[in-house]
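Written out below as structure tokens is the structure these notes cover.
The values are calculated or read from the model by the stated rules, or taken from the named source; none is laboratory data. Quick caveat, the model's predicted, so the values are computed rather than measured. Here the Cβ positions follow ideal geometry from the backbone for every residue, glycine too, while neighbour counts run over all protein chains shown. We work out accessible area using only protein heavy atoms, side chains counted, and drop any ligands, DNA or RNA first. Shrake-Rupley method; radii C 1.70, N 1.55, O 1.52, S 1.80 Å.
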Amino acid sequence: MTAEDLKEDLLKVYSSEVEIVKESNANLKAKKIIIGTFDNNETLKNILKDSGQEFFAENPGYRGGIWQKVDSETIILAGSDIQGMQYAIYDYSKIVLNIDPLIYWSGHSVSQIDDSAIFNIDNKIIEPPTVPLLVYFENDVDELMNLKEPLLEYDWESYTEMIDALIRMRYNGIQLFDLLGRAEFYLREEYMQMVPDYDIDIDYIEEMIDYAQDKGMYVQIDLSLGYKIRSLESKYADCWSQHKAKWLEVWKYYLEETPLGKADIFSLRPRNQVWDWEYKSTCGEDKIEVFNEVYEVLDSLIESHNSDATKVLICYADGMTMYNEGFRPPDDWIVAWSDHGYADFEIYPNTTDGYQFGTYMHAGFWKNHTVAHPYPRTIDTIMHKMFDEYDATAYCQVNGQQFRPFLLNLEAFSEVCRNPDEYTGSSFYKMWAQRYFSEHLQLQVIELMDEWDEASFGHAGYVQNLWEIKEVIAYLAELPIQSPGKSAKPFTAERVHGDIENARIRNQMIQSCFQKSTSLIPETNPASAYYYDQIHFPLESYADLLSFEVVLHQIFDTKLKYEKASNENLKTQAKMLLRKAKVHLEDIIEKTMKPAKDPKWNGWYDISKRRPNNGFPTMEMLNEIDQAIEEKW
């Protein structure tokens, strides 16, 4: 499959015929690129031996590769193993052919090259990545799953292109989660309205697992118990001691009777096993004692099923606290320590206690789900801290939300895990900018990204601002706050007071970013969709939402004044501001269906298909404010 990828890459930039032939059928006098691994290509080994280049399974080692120029018409791209060969080939495509490894997603352009460029490489060893397991977490992917129908299911093209892009970024594993049928998809009202007859296709899931593994990726399955494939009933999820047989029954079903058993990596979070929240026992258990036993029992099941499988403990905040208070998995489990959502940590381990340590990081977080927060510089600081102080290099899992908006951070995590000694936020931005922008534009775009990063202060983001909008609308309409999947909360002025100043400052900063972005558009490559789709339009969307929030806060201030000294002028002022808010909202809604520069992403921001965290304001909500002004002021 990698050979086919190389052929397709060559055909993008090279006008001559390209053919794939097996070693036994090769014409050694033809122009050729020889690919393979130490185990599968004798011609390759002999040529390298004759050139004096040492090449064997241990050199360059697991996931390591090699480039060798034999003559002006022959080069070698090889690896000690399949993944090493992939890196040799995909690095060649990126560096020599100048093909964006994320081209399907970025909409970037390519340029034709000639023979001399194709065979013009320097001999080099591609060192194995420092972090041996870099795993993408397929989580919160609503927009990607809903790009085409049926909803809440990947179309084959999107899924396979995501796998291909991950491999080119050196991700060598994927944890499947949403596509297995997470509990929200069939239990939360918002999803039940979207897809009333939601179900999963087990054969299709197996095809997706097979594709990832055939491409050389490891598949990770978290053995939580809420998947639509078969779920533990919620009433059994919070008392292990009385219902352990029920837990075991579902685990055995996953491992023995479904494609989930084909996984290479198994993980578990010490939490409620149906819903992604803290374990709160209903039968008086000590949760540290519970999960010490849970992991021993699950470890035995995994060992009997596949003794070669890798096992990972994923610690969220509650799990990290439990670990620091004495919870321990079996000795051969990797412990993955979790950031707080923005490549930042609130809790650190008291001790690694002899475990292989890794990290669970976020390229995107639910609070900034719709519009990314670029932070390659934070990734630099935090990952080096985890590597240097805790030797957390055994494993890294990265949550990319719905993937497409978070490509920048996803690639930054890949690069720091590849070679921490070389990675800095500045060097990464320089490499990234050189790929997408002309020389005179590179520094300006990097400065724009840094300003965007600064504007995302306080662990906020687009979806967090939706919550703030929900709070102020509830107060203005004098109605309770309703969140997806949660009980209604009373409206209070105090809830809104805490949002106003940050929203005002953030709005000023994002508006400045958007204005600068607009000024750069004429200088960007018109053949590339990257700048508009990945930078400019997301900034525009966030700027519009913040402007809307600020107007609502102005109505809030007017209401507070009216409550202290009521008069008709204040009511009139509030109505004028509300009309302005309605115009803002109409514009926001209209822009969600604005065409992308790369047309395959049209409809990506469709409100009806987004992940429903914190909902979305509607004209009906603003009409309720109008009614409240008339009847309650």
Across segment 189-225, the tally of residues that are open to solvent by less than 30 Å² (accessible area, probe 1.4 Å) and either over 21 Å from LEU151 (Cα atoms) or part of a loop (DSSP other than H, G, I, E, B) (or both) stands at 13
Residue under question is SER234, and the condition is that it be of a type in the set (Gly, Ala, Ser) and either open to solvent by 60 Å² or more (accessible area, probe 1.4 Å) or under 27 Å from MET85 (Cα atoms) (or both); does it hold? no
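Scan segment 81-136 for residues that are of a type in the set (D, E, K, R) and open to solvent by 30 Å² or more (accessible area, probe 1.4 Å) and jot them down.
Step one: filter segment 81-136 for residues of a type in the set (D, E, K, R), giving 81, 91, 94, 100, 114-115, 122, 124, 127.
Passing the criteria: ASP81, LYS94, ASP114, ASP115, ASP122, LYS124, GLU127.
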Quick check on segment 275-287. Is at least one of its residues of a type in the set (Lys, Arg) and assigned to a loop (DSSP other than H, G, I, E, B)? yes
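Might you let me know whether segment 263-273 holds any residue that is among the small types (Gly, Ala, Ser) and either surrounded by fewer than 21 Cβ atoms within 10 Å (Cβ to Cβ) or more than 27 Å from ALA317 (Cα to Cα) (or both)?
no
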When you scan segment 363-373, do you find a residue that is over 21 Å from TYR542 (Cα atoms) and not hydroxyl-bearing (Ser, Thr, Tyr), even just one? no
Could you please let me know if GLU184 is closer than 20 Å to LYS148 by Cβ and either assigned to a helix (DSSP H, G or I) or touching a Phe, Trp or Tyr at 6+ places or on another chain (Cβ under 7 Å) (or both)? no
Name the residues in segment 532-541 that are open to solvent by less than 10 Å² (accessible area, probe 1.4 Å) and either hydroxyl-bearing (Ser, Thr, Tyr) or at pLDDT below 95 (or both), would you? none
Which of the residues that make up segment 18-57 are within 20 Å of SER72 (Cβ to Cβ), under 41 Å from the mean Cα position of the chain (by Cα) and polar (S, T, N, Q)? THR43, GLN53
Given the conditions (1) open to solvent by 10 Å² or more (accessible area, probe 1.4 Å); (2) assigned to a loop (DSSP other than H, G, I, E, B); (3) at negative phi, and given that TYR171 satisfies all but one, which numbered condition is not satisfied? (1)
Could you check, for segment 239-258, whether at least one of its residues is aliphatic (A, V, I, L, M) and closer than 29 Å to TYR171 by Cβ? yes
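Do we find that ILE314 is open to solvent by less than 20 Å² (accessible area, probe 1.4 Å), within 24 Å of TRP366 (Cα to Cα) and touching a residue at least 24 places away in the same chain (Cβ under 8 Å) in this structure? Steps first, answer last, please.
Values: open to solvent by less than 20 Å² (accessible area, probe 1.4 Å): yes; within 24 Å of TRP366 (Cα to Cα): yes; touching a residue at least 24 places away in the same chain (Cβ under 8 Å): yes.
Here the answer is yes, as ILE314 does meet what is asked.
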Would you tally the residues in segment 412-443 being hydroxyl-bearing (Ser, Thr, Tyr) and either crowded, with 19+ Cβ neighbours inside 10 Å or in contact (Cβ under 8 Å) with a residue 60 or more places away in the chain (or both)? 5
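For residues in segment 321-374 being of a type in the set (S, T, N, Q) and more than 27 Å from the chain's Cα centre (by Cα), which is least open to solvent (accessible area, probe 1.4 Å)? Spell out how you get there, then give the answer.
The first filter runs over segment 321-374 and keeps only residues of a type in the set (S, T, N, Q), leaving 321, 324, 338, 350-352, 356, 359, 368, 370.
If we keep only those that are more than 27 Å from the chain's Cα centre (by Cα) as well, we get 324, 350-351.
Details: ASN324: 43, ASN350: 114, THR351: 59 Å².
Applying the filter and picking the extreme gives ASN324.
Here are ASN409, ASN399: which of them is buried (at least 21 other Cβ atoms within 10 Å of the Cβ), touching a strand residue (DSSP E or B) at 6+ places or on another chain (Cβ under 6 Å) and under 30 Å from TRP601 (Cα atoms)? Don't jump to the end; show me each part of the working.
On the way: ASN409 fails: touching a strand residue (DSSP E or B) at 6+ places or on another chain (Cβ under 6 Å).
From the options ASN409, ASN399, the qualifying one is ASN399.
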Hey, could you check segment 153-168 for residues that are open to solvent by less than 10 Å² (accessible area, probe 1.4 Å) and over 13 Å from the mean Cα position of the chain (by Cα) and say which is nearest to VAL416 (Cα to Cα)? ILE167
